[in-house]
Amino acid sequence: MKIPSRIESSIRELAESGSTLNCYIYDTTAMREKITNLAAIMPEGVEVFYAMKANPHAAFLQAALQAGARGIEIASLGEAEKAVAEGFSAQQLIYTGPGKSSEELRWGVEHGIRTIHIESLLEAHRLNGICAELGGRQDVLLRINADFDIHEAQTTFSGGSKKFGIDEEKLADVLPQILALPHLNFRGLHVYAASGVLRVEDLLKNCELVFGMARQIEADYPQVICDMIDFGGGFGVDYLESGHDFDPVAYAEGLQRLIDDYGFGGRTFFLELGRYLAADSGWFCTEILDIKDSRGKKQVICAGGINHFRRPAALAINHPMAVVRMQRPALFAGQEKVLDEAVYFGGPLCTGADKLANNVYIEAAAVGDIAVFGYAGAYGLTMSNIEFLSHERPREIVLSGF
Ligand SMILES: Cc1ncc(COP(=O)(O)O)c(C=O)c1O
């Protein structure tokens, strides 16, 4: 991985300050550019939302706001409050996710959020009751667990038995019940297949599938129009540095073809993107505190582990990484260092699961150098075991954004 020079300069400056370096560095320039670019290339009717679960830091919300994202996809009341605090209006929020509490749904209705995405029949009844109490109606999308699975994706949200949405084959039974609820205004479907997808064709297949469902619903219920369709998130990033990035232009072209084929022009299409927007705007930077040889393999111990950057362990992958050399003096003659070898990077936690990277080839590294992990802007700190072992929370340093 090549560390951008402005990031490397900041790391050096921070490392020279004397205290142990362990931080995230954020520069949201890439995120802003991506949002602007998507707005320029996507078919008419496509609205890009930032899925703030990827990174709820104010810098990322500000980047989304200032670059003109249509709004925020929220999955909790806490997210709603953060988004509003950063300047999004409640009308710019779309609310997804299983297990929404009465308090959360009530907040959404009271504040007039744009859509609530129903994940079960029970949730539909719960929301309908709240709307009845408050004397209002709420626009809703129905989330479907499609009988479709992108096998190669890092995380799948549909196909098989899932906690998300309503199984596709139950639609014929469930939809009339939802349509009969007087305080819900059914606007369309939400089908999110998978996260971390690099192959455009796989995500387009999902779009086609939803279009097919919408067409079927409109044939079965002539009074219904699915005028809002949510494809979820899922645009991937090239964690493995394979050289094959997700191609948003090919996606936009494919989606336009589908819209034309189905005659769905004039409708609204939501994209709720997290990883693709946020990942390359963050770097996790952690100081190497120890290096030892254990039965022929170097164990490189860093200041932060899965308490601060859990994703590589959780998904059993290596993130792209590099080492910033600091040329610190050795503490004793014969101190271990890394030279042209494949090594293990871990954190300071008392668990074998505390992996940052394994079998990663490193040209040179020594104690005091800084290990830098890329694509850490998405699902970084807030997806980590922050409280485990009570280490100090890493700093989050914003280089640009405000
Ligand atoms: C409902 C929903 N929308 C959007 C996203 C964002 O997905 P991604 O980061 O793959 O774009 C997620 C991720 O879990 C999600 O659950």
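The values are calculated or read from the model by the stated rules, or taken from the named source; none is laboratory data. These numbers come from a predicted model, not from an experiment. Note that each Cβ is placed from the backbone with ideal geometry, even for glycine, and that neighbours are counted across all protein chains shown. Surface areas here come from the heavy atoms of the whole protein model, side chains and all, with no ligands, DNA or RNA. Shrake-Rupley method; radii C 1.70, N 1.55, O 1.52, S 1.80 Å.
Under 1.5 on a/c is rounded, so check that first for the stretch 223-370, then, if it is not, pick prolate when a/b is larger than b/c and oblate when it is not; a ≥ b ≥ c are the square roots of the alpha carbon gyration tensor eigenvalues. Because a/c hits 1.5 or more and a/b exceeds b/c, the stretch 223-370 counts as prolate. Structural descriptor for the stretch 1-89: relative contact order 25 percent, calculated from alpha carbon pairs under 8 angstrom and at least 6 residues apart.
Contact order, relative form, for the stretch 89-236: 22 percent (alpha carbon pairs under 8 Å, 6 or more residues apart, mean separation divided by residue count). The charge dipole of the chain, taken about the Cα centre with unit charges on the Cβ atoms of Lys, Arg (+1) and Asp, Glu (-1), comes to about 820 debye, rounded to the nearest 20. Surface composition of the chain: carbon and sulfur make up 49 percent of the accessible area, probe 1.4 Å. Is the stretch 1-158 rounded, prolate or oblate when judged by the Cα gyration tensor, a ≥ b ≥ c being the square roots of its eigenvalues, rounded requiring a/c under 1.5 and prolate requiring a/b larger than b/c? Prolate.
What is the angle, in °, between the Cα long axis of helix 5-15 and the longest principal axis of the Cα atoms in the chain? Nearest 10 is fine, range 0 to 90. It works out to around 60 degrees. Accessible area per residue for the chain is 42 Å², calculated with a 1.4 Å probe on protein heavy atoms, without ligands, DNA or RNA.
Annotation: amide H-H contacts under 5 Å for residue 358 (H modelled 1.01 Å from N, sequence separation of 5 or more, or interchain): 345.
Mind giving me the FRET efficiency for residue 17 and residue 363? R0 is 25 Å, r the Cβ-Cβ distance, nearest 0.05 is fine. Rounded to the nearest 0.05, the efficiency is 0.45. Relative contact order, whole percent, for the chain stands at 20, derived from Cα pairs under 8 Å and 6 or more residues apart.
Which residue, 131, 282, 251, has the largest displacement toward the positive end of the dipole of the chain when charges sit on each Cβ (Lys, Arg +1; Asp, Glu -1)? Positive-end residue among those listed: 282. Considering only 203, 265, 63, and ranking their Cα positions along the charge dipole of the chain that arises from unit charges at the beta-carbon of Lys, Arg, Asp and Glu, the one farthest toward the positive end is 63. May I ask for the angle, rounded to the nearest 10°, between helix 29-41 and the longest principal axis of the chain, with both axes built from Cα atoms and the value confined to 0 to 90°? The angle comes out at about 30 degrees. Of the residues 240, 38, 141, the one that moves most in a GNM of the chain with alpha-carbon contacts below 10 Å is 240.
Provide, for the chain, the number of lysine pairs with alpha carbons under 20 Å apart, each pair being eight or more places apart or on different chains. For the chain, the number of qualifying lysine pairs is 18.
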